[in-house]
Amino acid sequence: MTTAQPQSLLIESLTYAARTLRAQFEETGLFAHRPSKGAERERLLAELLQPRVPGHIKVFHNAEIISAAGTRSAQCDLVLADRSTPPLFGTSSNRLIPAECVYAVIEVKSKIDGKELKSACDNIKQAKSIPKTAFVRAAENRIHHANGQHYPYIPTLGMIFAFDGISLDSQGDGFREWVADHSVEEVPDSIWTLGKGFINWRKKNGHPTAVVENTDAFQAWSPHGNMDILVPFLLQLNSFLSSAWMNPLNLADYAGPHPIAVAERLWTRTAAPETAANGNSG
């Protein structure tokens, strides 16, 4: 007779969080105003994530990504950025985040169908395309290698999270149509649907990968046993974020070529000899 192995505390905690999130999702159905439902569900996921991601990560709800050249993304549902992100323009309802500080974006859908899937893919493509150029150049700068290229930053991760939606088979068919016309740098890295499963790019060894690289295969996965997708979702997200880093941000690049000061009178540390002899002061 074999004894069942006890479930780990981590798995128990995340399974409970999944049930809580599902219950809160159902409660938001009481909102009559559809945009209010969406915003509330985005907030629920943001609040779930913040205490469950590495300490150097901050989760922003409703944010736009901006480059030093002024290129801006559409409003992103959730942006996961370095906690050192400087305060550009921001309110409680929207923020501007320098692209260099962004590690990941998550598009949140109440119910994903073919149209919503395409919309989420388009938004992630746009967010991933915002250039990251404003770094302090230093000899110790780190380099990230991906897709046969070298980056002085971590390319932005793009994820889609849905509270409900069409079957994984239908999502996969729609996703395949979309990715056929886009480069590997533009495509979402994964799709997660609560209560159904997730779609991940696959390594050559058959294992799912958190980040799409030079691979042409993706696969649908369903949760094991009574587990929900939050367990693999958070484990995969943390595996990516725990090693995420950024080179020092050069915020001056965001000022551009605009003059920010006009030179006026100049002093030196010591007075000129003739000035001191005459006893004059400036």
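The values are calculated or read from the model by the stated rules, or taken from the named source; none is laboratory data. For clarity, every value in this text was computed on a predicted model and none was experimentally measured. Please note: Cβ atoms are built from the backbone with ideal geometry, for glycine as well, and neighbour counts cover all protein chains shown. These area figures cover heavy atoms from the full protein model, side chains too; ligands, DNA and RNA do not enter into them. Shrake-Rupley method; radii C 1.70, N 1.55, O 1.52, S 1.80 Å.
Kindly provide the helix-only [θ] at 222 nm of the chain, computed as the sum of -39,500 (n - 2.57) over DSSP H runs of four or more divided by all residues, to the nearest 500 deg cm²/dmol? That comes out to -9000 deg cm²/dmol.
Of the residues Lys115, Lys58, ranked by 1.4 Å probe accessible area with the largest first, the sequence reads Lys115, Lys58. Legend: helices of the chain (whole DSSP H runs) are marked when their alpha-carbon atoms reach 18 angstrom or more along the helix axis and their mean Kyte-Doolittle hydropathy is at least 0.0; marked are 9-27.
Rounded to the nearest 10 square angstrom, Phe240 shows an accessible area of 30 square angstrom against a 1.4 Å probe. Probing with 1.4 Å while keeping every protein chain in the model, the per residue accessible area of segment 87-138 equals 44 Å². Roughly speaking, to the nearest percent, how much of the chain's 1.4 Å accessible area is carbon and sulfur? Looking at the chain in its full context, I get 53 percent from C and S. Residues whose amide H comes within less than 5 Å of that of Ala146, counting only those at least five positions distant or on another chain, are Tyr151 (H built at 1.01 Å from N in the peptide plane).
With respect to the cross-link table entries Lys37/Lys115; Lys109/Lys196; Lys37/Lys132; Lys109/Lys203; Lys58/Lys204, which display a Cα-Cα separation exceeding 23 Å? From the list (Lys37/Lys115; Lys109/Lys196; Lys37/Lys132; Lys109/Lys203; Lys58/Lys204), the Cα-Cα distance tops 23 Å for Lys37/Lys132; Lys109/Lys203; Lys58/Lys204. Model label points for Ala180 and Trp221, set 7 angstrom from Cα along the Cα-to-Cβ axis, are 2.6 nm apart. Here the Gaussian network model covers the chain, with springs between Cα atoms less than 10 Å apart; of Val211, Val136, Val262, Val262 fluctuates the most. When the chain is treated as a GNM with alpha-carbon contacts under 10 Å, the residue of Glu64, Glu42, Glu12 showing the greatest mean-square fluctuation is Glu12. Residues considered: Asn205, Asn238, Asn250. Largest GNM mean-square fluctuation over the chain, using C-alpha springs under 10 Å, is found at Asn205.
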